[in-house]
Structures are given as C-alpha cells and as structure tokens.
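First comes the structure, then the notes that go with it.
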Amino acid sequence: SEEFWGTEPRRLINKYYSKHHDVVTDRFTIDTGIHTEAICRCWKSKKFPFCDNSHKYHNKFHKDNVGPLIIDGNTF
Ligand code: FES
C-alpha cells in the first residue's frame with residue numbers, strides 16, 4: 001500500500017512509497033513554455049539531470065522502482 005510522506009515542500013516530488021508499481025514516475029505541468037522533459041531521480045543517467053532510461057538497469061539489478069520526474073511545459 002502507499003504511504004503518505006507529508007506536505008512539506010521538499011516532499012512534494014515523492015509523495016508516496018509505491019512499491020507495488022514497477023516504475024514510479026510523477027508528472028507536473030509548469031507554465032514556463034519549456035518542452036516536456038524527463039528529469040532523472042535515480043542519479044544514474046549519463047545525461048544528468050535528464051533521464052536516459054538508466055533507471056531500468058538500476059531497477060533491475062537493485063530491485064528498485066525509481067523513475068523520472070516528468071515536467072510538462074505549457075507552450076501556449
Ligand atoms: Fe534516472 Fe531515468 S535515468 S530516472
């Protein structure tokens with residue numbers, strides 16, 4: 001089951017433990033006009049801070065389920 005971590009600003013990115021999901025991603029929309037970007041949260045990306053899917057290797061060999069933070073930029 002999911003466990004809520006609290007509402008402190010530094011905890012808003014990872015709100016829940018989600019061990020029943022294969023990969024945990026969170027998605028935000030920010031009105032900055034930037035393109036959609038996947039931000040690495042496993043610290044293994046060779047294109048850090050951007051996700052290069054290295055989390056798949058990390059998850060497989062460390063039995064983890066970390067995934068990227070997806071930021072959708074509004075381009076209107
Ligand atoms: Fe780190 Fe995808 S490479 S989250």
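Would you please put 48-55, 18-25 in order of how densely packed they are, using the mean number of other Cβ atoms within 10 angstrom per residue and starting with the highest? Display every interim value, and only then the final one.
Details: 48-55: 16.0, 18-25: 13.5.
Top to bottom by mean Cβ count within 10 Å: 48-55, 18-25.
Quick one: if you stick a label point 7 Å off each Cα along the C-beta vector at T25 and W43, how many nm between them?
Output for this residue pair reads 2.3 nm.
Please list the non-local residues whose amide H lies under 5 Å from the amide H of G67, H modeled 1.01 Å from N, same-chain partners needing a gap of 5 or more.
Those qualifying (amide H under 5 Å, at least 5 residues apart or on another chain) are V24.
Any read-out appearing in this document is the output of simple, stated calculations on the displayed coordinates, not a laboratory observation. Here the structure is a predicted model, which is why all the values come from computation and not from measurement. Note: ideal-geometry Cβ built from the backbone for every residue, glycine included; neighbour counts use all protein chains shown.
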